[in-house]
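The values are calculated or read from the model by the stated rules, or taken from the named source; none is laboratory data. The model shown is predicted, which means the values in this text are computed figures rather than measured ones. Because the Cβ atoms are built from the backbone with ideal geometry, glycine has one as well, and the counts that use them run over all protein chains shown. Accessible surface areas use protein heavy atoms only, side chains included; no ligands, DNA or RNA. Shrake-Rupley method; radii C 1.70, N 1.55, O 1.52, S 1.80 Å.
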Amino acid sequence: MWIVVLAACVGQFLVVLDVSVVNVALPSMRTGLGMDAAGLQWVVNGYTLTFAGFMLLGGRAADIFGRKRVFLLGLALFTVASLLGGLAQEPWQLLAARGLQGTGAAVLAPATLTILSTSFPQGRARTRAIATWGAVGAGGGAAGGFVGGVLTDVLSWRWVLLINVPAGALVLVAASLWLTEARDPSAPRRLDVPGAVLATAGLGALAWGIVRTESAGWSSADALVPLAAGLVLLGAFLAVEARTAAPLMPLRLFRRRAVSAANAAMFVCGGAMFCMWYFMSLYMQNVLHYSPLQAGLGFVPQSLSIVVGAKTAPYLMTRIGARNVALAGVLLAGAGTLWQSGMHAGGGFLGTVTGPGVTMALGAGMATTPLASAAMSQAPPGDAGLVSGLANTSRTMGGSLGLAALSTVATARIQGAGTPEALASGYGLAFRTATGILVLCALLVLFAMPRPEREPEERGEPGAGQGGPGDRGRQRKDEEQPAAGHADKG
């Protein structure tokens, strides 16, 4: 069974690692392939948009076609895409590979946890396996900056992608030999492929239109056409979801105040916080002239603090409620982005990297757990996994659009100047804009999310938010356990 745990955890580690591992390698990618600033952000967004857009579809596919089969398919696609990206000779080849890699990650990620849930019986063994999976996932996100810095500095930027190839091949062999197949007989027998394609294409078109406004202006057809196309595609997505028999995103869920408010807050918060790693990597290397290895080491304090924030949040939630902890986390992150906006060409490691970076990351870690818990607090047991997946999708898609918008803000301020002063000014403006977005997020949390007194179960149990709504707060524990299992699948 340890091979099953190893296979699932390595798969999850690779998926999470590749969200952040490229950040430190971005300047080297730009030099090696002659990419412009607009193309550089799509190295990140190409992965996250396809990852978020197809994640719910990947989870549904695992239930219908079998967890082992979908796990192997997703891992194979992810591995091949990593190889193609690492061997890319033109910018478009790298961007296409990153999009394909994100699609593979979306197929792979949901299957990793469902494999553990179905391979271990209910009880301590399953709990330990899932806890290991969660720790490995957090470690992948935290280690991305450091791993990317080491590989870029010692080998080249190509190895931040090529390192996935031997790891993926080994896990493919192990999974083929030792994983057993499992399906969910109650799962709907159809996939909402049109919904996933429309959502991903619509958000991608919006992001592209936002990027085009920097060079063409808001009134130009080059910007207006993709913006309008994105809105039309998202409208078509909502129409499909309202009519299909097995929707990817059942719109009825958003009638619940906690679900709609928490997802809106996660979308807005992701739009502000996702840029942190991107701009910090550029600032350390382009302005402070750190090597990739030094930049990777510079991310270690932030990585540790985001884990500390996430681990601290559940204890605070039992005392002051999820809503108040989320508000405190968002405000702390906003204080960090405001501090970071003062970055300048003569900055130092403690004052313009570690101090504001730790503050931002600690706040982000504190906010994520209670927002996810609030989203789950009114989810019926049968929809818990879907609601959990929606929360992850909202955060990632918000981050993709936020990165596109904030990159445009920074580029407009820099105006093609390559001096450290101009670059620092542009990056600083992006962080000031992020501060404004987090203020909006704080208002959403304060006025839209249910007040703690309306959700007494959040104050009574640390695990609140994984069960049903308040009118089922007196359910037997053996009835609440399946809901938690579904939430894990999300």
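At-a-glance table
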item	result
Heavy-atom surface of region 273-375, accessible at 1.4 Å and reported per residue (Å²)	34
Karplus-derived HN-Hα couplings along region 400-412 (A = 6.51, B = -1.76, C = 1.60, θ = phi - 60°), whole Hz, x at Gly and Pro	5, 5, x, 5, 4, 5, 6, 5, 5, 4, 5, 5, 5
Karplus-derived 3J(HN,Hα), 6.51/-1.76/1.60, for each residue of region 238-246, Hz, glycine and proline x	4, 5, 5, 5, 6, 10, 6, 6, 10
From phi via Karplus (6.51, -1.76, 1.60), per-residue ³J(HN,Hα) for region 289-298 in Hz, x at Gly/Pro	6, 6, 6, x, 5, 5, 5, x, 5, x
Leading residue at positive end of dipole, region 296-442 (Cβ point charges), from Ile414, Tyr427, Pro370	Pro370
Ordering of 408-414, 231-237, 66-72 by burial proxy (mean other Cβ atoms within 10 Å per residue, highest first)	66-72, 408-414, 231-237
Carbon plus sulfur fraction of accessible area for region 253-302, probe 1.4 Å, in percent	62
Between region 317-345 and region 38-73, the Cα center-to-center distance that results, in Å	30
Percent carbon-and-sulfur accessible area, region 18-105, ignoring ligands, DNA and RNA, probe 1.4 Å	69
Overall form of region 1-108 per C-alpha gyration tensor (a/c, 1.5; a/b vs b/c)	prolate
Placed amide H near Leu87: partners under 5 Å, 5+ positions off or other chain	none
